[in-house]
Each structure stands twice: as C-alpha cells, then as structure tokens.
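To start, the structure under review is shown below, and the notes come after it.
The values are calculated or read from the model by the stated rules, or taken from the named source; none is laboratory data. Because the structure is a prediction, the values reported are computed rather than measured. Here the Cβ positions follow ideal geometry from the backbone for every residue, glycine too, while neighbour counts run over all protein chains shown. Surface accessibility is based on the protein's heavy atoms, side chains included, excluding ligands, DNA and RNA. Shrake-Rupley method; radii C 1.70, N 1.55, O 1.52, S 1.80 Å.
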Amino acid sequence: MGSDDFLEKPLELQECLLRAQALLRRYTSAAPPLPGQRCYTIVTFENLMIDPLTRRVLYNRRELDLTRREFDLLYVLSSQAGRVLTHEQLRYYVWNDDFEGDETNAIPVSVSRLRQKLGDGDCIENVRGVGYRFIDPKCKKE
C-alpha cells in the first residue's frame, strides 16, 4: 500500500521523532515525486537518458542544453511514458502554479521548444483538447 513504517499504540514520543527523522533522511529530494513514484529515478530509453538529480539529458549520445522548465517538462512526460498528461497536471508538476505571462500558451510553447531541441518531435504527442503523451522513441509508428 506504499507505507514505509508503522507505530503501535501507545507510542513513545522519542521513538516517533526518531522514525520520522529516519524517513525524512531517506526521502529528502528537491521536489515532490510524480504520481505513482516514491522517489526520483533515472529515466532511460534506447536513445534517451534523463537524470533528475544531476539534471542531465543525453539524447542520441549528445547532451542537451535545456532550460529548467524544458527539463522538468521532459522528465514529467517521459517518466509517465504512454500516459496522457493533461494541461492541468503539467501546469502543477512543471510550473507549480507559478506561471509568468500568458498561461494559455506557456505549455504549447515549451513543448514546441523541447521538440526542436530533441530534433525529433515525434516522441511528444499532442492529444487534442486534453494534453500531451510521451512515446518511447523506439516504439514510434513507422
């Protein structure tokens, strides 16, 4: 069910604090994990590797120079490969409701720039009226 530990009643305050500190040490990261994930993991495909801890992306054996938002967008989409992520989900996980400028264009513009940098826009699929889906580059339709 996703639990890491449990305490039986009656509980000792000192034991509760020590266990909470141990859990915090174990799961400390820069941002909250994505839905269905307990911690950040390196995302790999045949020709793509995304390391969220070093914020490096290797695509076709070359390192991509991505902005913070582009990296976060690529990581969110690729870590949920095959699933459609709505505009609202992307806004929450990439921008954290911290939009600057025109909200309606921020996501499509970022996706467009990311596609250009990847040089192969086919791995990010637009699902009209809903959002975007990442397709494993090796599983593309020919």
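Points worth noting:
- Qualifying residue in the range 84-100 (condition: of a type outside the set (Val, Ile, Thr) and modelled with pLDDT of 90 or more): yes
- Residue among 46, 63 that is at pLDDT 75 or above, touching an Asp or Glu at 6+ places or on another chain (Cβ under 9 Å) and acidic (Asp, Glu): 46
- When restricted to residues that are in a helix (DSSP H, G or I) and either under 11 Å from residue 132 (Cβ atoms) or open to solvent by less than 20 Å² (accessible area, probe 1.4 Å) (or both), the range 50-93 contains 11.
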